[in-house]
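Notes to accompany the following structure.
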Amino acid sequence: MRQRVTRNDVAKLAGVSPAVVSYVINDSNYVSQEKREAVLKAVKELEYTPNVFAKSLRTNRSNQIALVGDTLQAELYEELSAQLFQKGFFSCLFYSQKEDTFINRLIEGRFAAIFMASNAFTAEQLNRIVQNGIPLILYQSREYIGLDPRIVIRAPDIYNDVKQILNYLIMKGHRRIAFVAPLKYRAAGADGDDFRARAYSETLRSNQIQVNPDFFCRHTQSEASLLEDVVYIMTSYNASERPTAFVASDDHMAAQVMQCIRKLNLRIPDDIAIVGSGNIASSQITTPELTTIDSGIPDFASEVADALFCMANGETPENRLYKGRLIIRGST
């Protein structure tokens, strides 16, 4: 019976360290082309296959990475999962739950790393993850007070993205602008402010526009409840007082707002302008096409995957925010 080929065997034949073999197998960019070719040649010659199960037992970590979100951002998770798979990791997608039990299950899951795209948790809950030795990247949408510095931030620059949208609408002459917050939205509290709420109020005030609390639509439970708020605003105010523009927290929600507006027999953009965020594929097939912020999902996912890979291998990448680009289409 043939003896199993190990990573050390590949390293010896290629003339490199075992760590370099791991970087090449996981498709990292931190290896020279010469060493990469030597490792790949040795892998082919020895017919080497990584022993994922053995690694899991040795490190007490699996080759799985948890992706946790409040909403199913399909394009982001699809791209991120593909990038992670190329680096030797499987992705497990979870819809976030606020209970401590959910955090406990994540900790018990022996994940190599976690990508948290949820604002449902407190700083204390997030800190528990890294305190248990699990690398965590936070897709941050609000301020956290007391966040463990070991948590790495990789996220859109939500504050400046919202300001960019609002300044564009104000330049177009809009003064009554409503905002539709994301699901499981958390307002200001002990942990700090939501970046969207802060950008919304500060940008309006800096342009001498009074902030109407009714125009900031928020709900913690369901999309239907958020949309009921939209209908309420549009039917409770007369034409000279109701919003002339809606800014939605993402493109999916913007499309739902479009449907609400049409059911009220209002025209887009003649009566109501609508802006989303994310520039997902469906934003170009709405009628009219949706003005939105392009978050650069492929590049963002690639860099997050690289960062998760580094963290799973004991490195600490730097924090980074990604500024979006406004794409103007027919909805404004």
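What follows is calculated from the coordinates using simple rules that are stated; it is not laboratory data. Here the structure is a predicted model, which means the values were calculated and not measured. Glycine gets a Cβ as well: all are built from the backbone with ideal geometry, and neighbour counts include every protein chain shown.
Label separation (residue 131 vs residue 303): 3.1 nm, computed from points 7 Å beyond Cα along the C-beta direction. The label point for residue 9 and the one for residue 271, both projected 7 Å from the Cα toward the Cβ, are 7.2 nm apart.
In the range 7-50, the inverse of the mean reciprocal separation of distinct Cα atoms equals 9.8 Å; this is its Kirkwood hydrodynamic radius. For the range 321-332, 3J(HN,Hα) computed residue by residue from phi via the Karplus equation (6.51, -1.76, 1.60; θ = phi - 60°) reads 10, 10, 6, x, 10, 6, 10, 8, 10, x, 6, 10 Hz, glycine and proline entered as x.
Quick one: Cα convex hull volume of the chain, Å³ per residue?
Working: hull volume 50.5 nm³, N = 332.
Cα convex hull per residue, to the nearest whole number: 152 Å³.
Each of 197, 231, 136 was placed along the dipole of the chain (beta-carbon charges, centred on the mean Cα), and the one lying farthest toward the positive end is 136. Residues whose amide H falls under 5 Å from that of residue 91, counting only those 5 or more places apart or on a different chain, are 65, with hydrogens built in the peptide plane.
Sorting 161, 306, 214 from the fewest to the most surrounding beta carbons within 10 angstrom yields 214, 306, 161. Judged by the mean number of other Cβ atoms found within 10 Å, the most tightly packed of the peptides 173-179, 245-251, 313-319, 230-236 leads the ranking 245-251, 173-179, 230-236, 313-319. Computed from the C-beta positions of residue 320 and residue 284 and an R0 of 30 Å, the FRET efficiency is 0.65 to the nearest 0.05. The calculated FRET efficiency for residue 143 paired with residue 17, based on their beta-carbon distance and R0 = 35 Å, is about 0.25. For residue 236 and residue 105, the difference between the fully extended length at 0.36 nm per residue and the C-alpha to C-alpha distance is 42.7 nm. Between 302, 122, 166, the Cα set farthest toward the positive side of the dipole of the chain (charges on each charged residue's Cβ, about the Cα centre) is that of 302.
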